[in-house]
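> Once you've had a glance at the structure underneath, I'll fire off some questions.
Bear in mind these aren't lab numbers, they're just calculated from the coordinates by the rules spelled out. Quick caveat: nothing in here was measured; it's all calculated off a predicted structure. So basically every Cβ, Gly included, is an ideal-geometry build from the backbone, and we count neighbours across all protein chains shown.
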Amino acid sequence: MSASSISLGTTATAAALAVDDLQVVYTVRGIDRAVLRGVSFSVAPGEAYGLVGESGCGKSTTAYAALRYLPRNGKIVGGSVHVAGRDVTSMSTAELQEFRAREASMVYQDPAQAMNPTIKVGKQVIESFTLLGQSKEQAAASAMVALRKVRIADPTRVMDRYPFQLSGGMQQRVVIAMALACNPKLLVLDEPTTGLDATVEAEVLDLVRVLRQETDAAVLMIAHNLGIIRQLCDRVGVMYAGKVVEEGPSAQVFDDPQHPYTVGLLRSLPRRGVRKTEQALSTIPGILPLIGSDLPTCVFVDRCPLADETCRTVVPPVVPVGINGDRYTRCHHSDRIIEVEETKPGVDITLLAPAEGQPDVLELSHVSKTFKQRNHAVPALVDVELGLAEGETLGIVGESGSGKSTLAKTMLGIESADSGGVVSLDGRAVAAATGGRSAEDKRSMQMVFQNPDSALNRAWSVRRILMRSVEKLTGIKGEEANKRVETLAAHLRLTPRHLDLKPRQLSGGLKQRVAIARAFAGDPKIVVCDEPTSALDVSVQAAILNLLADLQSEQRTSYVFITHDMGVVRYLADRIAVMYLGRIQEVGPTDDVFHGPNHPYTEALLSAIPSVDGEEKVRIRLDGEIPSPANPPSGCVFHPRCPRVMMGICDVTEPPLAEVSPGHAMRCHIPVEQLIELQRKPV
Amino acid sequence: MRRFILQRLASIVVTLWLLATIVFMLVNVLPGNVGRQILGPFAPQVEVDAFNARLGTDKPLLEQYFQSIKRIFTLDFGDSYQSGSDVLDIILPALGRSGKLALLAFIITIPISIAAGVYAARRQDKFADRVIVNAGLASSSIPEFVTAALLLSVFAVHWKLGKAFANPPEGTSLIGQLEYLLLPALAMVFAYFGYIARMTRAGVISSLMADYTRTATMKGLSSKQVMRRHVLRNALAPTITVISVQIGYLIGGIIGVEKVFNYAGLGSTMLSAVGAKDIPVLQGAVLLVGIVYMLSTLLADLLIAYLNPRVRLEAKR
């Protein structure tokens, strides 16, 4: 294929990894279905190459095929993979083993699962070295060195632990140490930080960046987070339906995309501080073709706004972009990229503006929640004060264990607040537990969950799922309820055809629409959304966020939006509350929170976001781990990790949540003037 | 860990007490008079009363209950109503015989079925796997007394291989006893092979699909090393639980097999005690089975704790 000749000036022999016209099929019910339709790229020694694209595009299959680790029903049917000049596709089992032991390594998503839960960490790391022929003693010494290399301060202690006794960041360090044991020529990173908290993610990425300078391994990185790829990779390949549709230096591709798919992908991200009132997110119409679909010409033709007759009849050529010969796009119309439709304006700002002087629809006053665990009191929420106006979106951010979900459940009454705390709806205190609330109160507050797969009854049709919610929440029955279901579905952009399908017959985005429709079945006043888009691809996420914004402007619904994605929360939320260890550390209007001054924790959280726009930020490192809520630190709970801690004060008394400007409050002993000063210049 | 074991032993004591209570209640809701039952319908009432007085079965129920509870904890179950000999002298030899049979059955079943399960898992959905899964299903869905009768008629009667009576004569050597026990043991093997093999297969398959197995493979370990060092230890926990539950069941529950081969195991002893309303024997046997059952589950939990550090460390806290 011509693609590899256009890629960077590395030839198959010099490249650490050369993938040429790779074709992989999965056998499903006896039929071979194409997953990779001729993937070509190469990675030079010391270079980092990123593969991006939405789920199902084949990026992980490509990575696993490079190490010839395919699922049982997958096979390579064409093309070649060379690592350090050796053909991986033709290796014998023994050669492959040797190759994996000495030449190539992998780091995985979800480090907690990637290590054997029944074997001590030390033994697992040592195993990587004994495989290279080292004696037990040598290997033990090497393991110590390897763990130190990944910045583990106390390797002896870590080696004596079991994987589940380590934190997520620590686990991933150990997995990286094992991967680097053989000093590999090729290192594959498969979503290495997905599922880790923002500050831990930043820590792992920092480590990868430093280690890259210490080894000359070629890095192949898979990530759905474009910001991470931009930060870490020299070049990026954008995949769609089993083909690389665009390739080039990361910064150039992300700043000036030259394929309609890349353009669509980037536009569907909430970026550059855009808000829902300014602009709707753009989406990519249609859905990803199924594996094995017949795509004889351009793979993107069915969803492309520029597609014409040529695109349907002629295979798009590899079109070089720029004059350096390091970029290409597979598009007939790369000269017309600019025509890809601009995004629509956002929702009407006047409809969204929270009503002035109106009482809040939801109010929490002194709400705490303490769990009992083995006779220990574990405070999961401590003295939360929050208000939510009609038509307002309150974003709640914080790392895992910060109490976000407990807060949502306490609002809904799924968990009852400790006595002394009051949850009020429309200014009227309601029972702490759902069971004690009236049907009307239950109807007015609904929830959308993270994973629509487990939130919807798999045995029921969409119609039945929605019918039940309508009947339960509104008391309407029979034909009238059915009418209401149809109106509801139309509102959520579901077609009548969808109503008679089962959830498993729907895509992830459609399922989440059904889950949202379910929540809206009784015209709720408040909808609590717990990470509703984090399991979805960005173009689908964009559609869901648009939908939520539209519903809100039509019905003046208030949202409580829990997320770890700062881009999403910035786009959708009017106000943001930042939680740490069950306490609200900072709360304020979205712009104030993003512009500062900030609580030092918020500051660290904001600095940890890898930006797809490549803005330079000074990362604030947080030392240590999030303390256990069962045993919170004295004084300000953040003080042991705070880079701006003032010992003698911060470790003694807990600061109150104090207003620094109208509506913007934080828990910090440092005077606001000083914070502004500190946060203006890098630490 | 020590605390964990002590807690478990304490819960065994409580369970035994519950078990004894249930047995006592069951026995006493059965109609009939013990003395009458044993001495027959033609015995004079005076003798029946005297008999009952000797046994204590004429005392108020509550007193009888305390008596029976006391017996458990002093391990003195009294004398059999039927034969008059010490209950322990009846049930302990029966336990020994049942244990011998169960042990032989396990020695044959466990290696075969675990090996078959692992083999099937490695060839998931291929021909060999289908054969093992279906053969296992078939063998465990046939009741063991049917298998026992079949084995008896085919091997012992038709081909004259093995013995139709499992009770070896006094003084038979340990090896000699094997000949007697082999056929009933095989009947049990058939009953449990499928169960254990399928359990093993499921455990190995989920362990093979686990991320840590992928890590091990990608490290460059051979598939044998991956299996031995990383898969088996994680895969066998459910199998161990199943086996341990079966131990208790095998000791006390294989009445069908015992009957077919006319073997005087614990099961047959219980059955005849029920028929004769021989409460001391019944109580002793049920409690004995209960103890075996609970000890084998405890053993399984300890084994699992040994294999799985997470369980072990959590128990420690």
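> Over the whole of B:219-230, what's the average partner chain Cβ count within 10 Å per residue? Rounded to a whole number, please.
So the per-residue partner count for this stretch is 5.
> 7 Å from Cα along Cα→Cβ at both residue A:378 and residue A:137: what's the point-to-point distance in nm?
Placing both labels 7 Å along Cα→Cβ, they lie 4.5 nm apart.
> If you don't mind, another one. Taking Cα atoms of the stretch A:50-110, Rg/Rh with Kirkwood Rh, to two decimals?
Radius of gyration relative to Kirkwood radius: 0.96.
> P(r) tail for the stretch A:594-680, what percent of Cα pairs lie past 23 Å?
Here the long-distance tail beyond 23 Å is 25 percent of all Cα pairs in the stretch A:594-680.
> Past the 19 angstrom mark, what percentage of all C-alpha to C-alpha distances in the stretch B:48-203 do you count?
Of the Cα pairs, 68 percent sit more than 19 Å apart.
> Between 0 and 90 degrees, rounded to the nearest ten: what's the tilt of helix B:174-209 against the longest Cα principal axis of chain B?
That helix lies at roughly 50 degrees to the long axis.
> Across peptide A:96-103, how many C-beta atoms of other chains are within 10 Å of each residue C-beta, on average?
Counting Cβ atoms of other protein chains within 10 Å of each residue's Cβ and averaging gives 3.
> May I ask for the longest run of chain B untouched by chymotrypsin sites (Phe, Trp or Tyr not before Pro) that are loop-located per DSSP and have at most 16 neighbouring C-beta atoms (other than their own) within 10 Å?
Of all site-free stretches, the longest is B:166-317.
> Also, I was wondering about something else. For the stretch B:16-74, list log₁₀ I(q)/I(0) at each q in 0.15, 0.17, 0.24 Å⁻¹, using the Debye formula over Cα point scatterers of equal strength and ignoring solvent, two decimals each.
-0.50, -0.62, -0.99
> Which residue, A:515, A:470, A:101, has the largest displacement toward the positive end of the dipole of chain A when charges sit on each Cβ (Lys, Arg +1; Asp, Glu -1)?
Farthest towards the positive pole: A:101.
> State, to one decimal in nm, how far the label point of residue A:27 lies from the label point of residue A:251, with both points 7 Å from Cα in the Cβ direction.
4.8 nm
> Which stretch or stretches of the stretch A:594-611 have amide N atoms under 12 Å from the point lying 7 Å from residue A:652's Cα along the Cα→Cβ direction?
Those under the cut-off are none; the list is empty.
> Using 0.36 nm per residue of separation minus the Cα-Cα distance, give me the extension gain between residue B:175 and residue B:128 in nm, one decimal.
That pair, residue B:175 and residue B:128, stretches by 13.5 nm at full extension.
> Using a cut-off of 15 Å between alpha-carbon atoms, which aspartates and glutamates can reach residue B:259, once sequence neighbours fewer than 8 places away in the same chain are excluded?
Within reach: B:144.
> Could you work out the mean count of beta carbons from other protein chains within 10 Å of each residue's beta carbon in A:108-117?
Taking the mean over all residues of the peptide, I get 5.
> Moving on. Once the convex hull of the alpha carbons of the stretch B:1-107 is built, what does its volume come to per residue, in cubic angstrom?
Spelled out: Cα convex hull of the stretch B:1-107, divided by residues, is 149 Å³.
> Same structure, new question: Let me know the volume per residue of the alpha-carbon convex hull for the stretch B:163-317, in Å³.
So the per-residue hull volume is 160 Å³.
> Take every Cα pair under 8 Å in chain A that's 6+ residues apart, average their separations, divide by the length, and report that relative contact order as a whole percent.
About 13 percent, as a whole number.
> Where is the GNM fluctuation largest for chain B (alpha-carbon springs, 10 angstrom cutoff): B:281, B:204, B:14?
Highest fluctuation among the options: B:14.
> Still on this structure: Compute the length gained on full extension between residue A:145 and residue A:501: take 0.36 nm times their separation in residues and subtract their Cα-Cα distance, giving the result in nm to one decimal.
Difference between extended and current length: 122.5 nm.
> Still on this structure, I have one more. Let me have the relative contact order for chain B, percent, based on Cα pairs under 8 Å that are six or more residues apart.
Relative contact order, chain B: 25 percent.
> Test of the criteria: in the stretch A:358-465, which chymotrypsin sites (Phe, Trp or Tyr not before Pro) are in a DSSP loop and have at most 14 other Cβ atoms within 10 angstrom of their Cβ?
Here the sparse-neighbourhood loop sites are A:460.
> If you take the C-alpha gyration tensor of the stretch A:111-181, multiply each eigenvalue by 5 and take the square root, what semi-axes do you get, largest first, in whole Å?
18, 12, 11
> Further question on the same structure: Per q in 0.10, 0.11, 0.17 1/Å, what log10 I(q)/I(0) does a Debye calculation on the alpha-carbon atoms of the stretch A:531-683 return?
So the normalised log intensities work out to -0.41, -0.49, -1.07.
> Identify all lysines with a Cα-Cα distance to residue A:404 below 17 Å; exclude those on the same chain that are fewer than 8 residues away in sequence.
Once the sequence-local lysines are set aside, what remains near residue A:404 is A:369.
> I would also like to ask the following. Looking only at the protein assembly as shown, where both bridge partners belong to it, what percent of the DSSP beta bridges are antiparallel (to the nearest 5)?
Antiparallel bridges make up about 65 percent of those DSSP assigns within the protein assembly as shown.
> Sticking with this one: Any idea how far the Cα center of the stretch B:217-243 sits from the one of the stretch B:71-117, in Å?
34 Å
> When all C-alpha to C-alpha distances in chain A are sorted into bins of 10 Å, what percent of pairs does each bin hold, rounded to whole numbers?
Result returned by the calculation: 3, 14, 23, 25, 20, 12, 3, 0.
> Which lysines does residue A:502 reach when only Cα atoms under 17 Å apart count, and residues fewer than 8 places away in its own chain are ignored?
By straight Cα distance, residue A:502 reaches A:511.
> Note down the Stokes-Einstein diffusion coefficient of the stretch A:166-245 in µm²/s, whole number, using a Kirkwood radius over alpha carbon pairs, 4 °C, and 1.567 mPa s.
D, rounded to a whole number, is 96 µm²/s.
> Arrange A:284, A:337 by Cβ neighbour counts within 10 Å, fewest through most, would you?
Listing A:284, A:337 from fewest to most nearby Cβ atoms yields A:337, A:284.
> Can you give me the three principal axis dimensions of chain B from its C-alpha atoms, in Å, biggest first?
85, 59, 34
> Could you pull out the pairs from A:75/B:126; A:136/A:185; A:409/A:525 whose alpha carbons sit more than 20 Å apart here?
Beyond 20 Å: A:136/A:185.
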